[in-house]
Amino acid sequence: MTRYTLLLLITLIGLSAAANDDSRAGQENCLECCIPPVALRTNLVSDIALIPNIGATIPIAGRWAADLSWSYAWWSNNARHRYWRTYGGHAEIRAYLGNRDGKNKMEGHHIGIYGQIATYDFEFGNKGYMGPRWSAGGGIAYGYTLPVTGRLSLDFTIGIGYLGGKQYRYYPLCDRYVWSSTRDINYVGPTRLEISLCWLIGKGNINPSKIKYR
């Protein structure tokens, strides 16, 4: 997973550098001409937790944007009774705040409302926790998008809301898994934490403050 994260970072930085060179030279390639403005991203917090993910922030109109993400992890070591399985995602409608002059459409402070779904199966050797069906919820989010280079940004987002669903608790016994209890989960509190590396693609989709014009 460390190799995966490093490869992703190197790829994004390399593509960003190439895109910046094209911008400074005033040249437009196919990537610029054919793709509408969008920010592709990966949540580094999930990457560190061994949960690969991908997301996209798409400008809608004015200061409004849609933010979508999906994650998927399916790791297991049956001999040691260790499972790390989860997948799910969220959809958010957000508004970027403040004066937008001289800024990218997806830069600065933002607030939004979101919905999310997830399912999971975690076991750490002697006890397991499984969401047999989708857990679902939603909440409000606040964040800040910081320009790093002409084509790269860091987005910091936290979401607080509700997440509910059923949870099975089980434990391994004699090469089998024994059900222990079923609980209804009705959680209220932080349900999202993101530090995302964002790659800006599309025509004119740059961070103006990070571009040096010649």
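Each reported figure results from applying straightforward, stated rules to the coordinates on display, with no laboratory input. None of the values given here were measured: they were computed from a predicted structure. Cβ atoms come from the backbone with ideal geometry, glycine included; neighbour counts cover every protein chain shown.
The table for this structure:
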quantity: Listed residue (Tyr96, Trp84, His109) projecting farthest to the positive dipole end of segment 64-124, Cβ model; calculated: Trp84
quantity: Global geometry of segment 106-214, whether rounded, prolate or oblate, following the gyration tensor of its Cα atoms and the 1.5 cut on a/c; calculated: prolate
quantity: Count, lysine Cα pairs under 28 Å in segment 90-214, 8 or more residues apart or across chains; calculated: 8
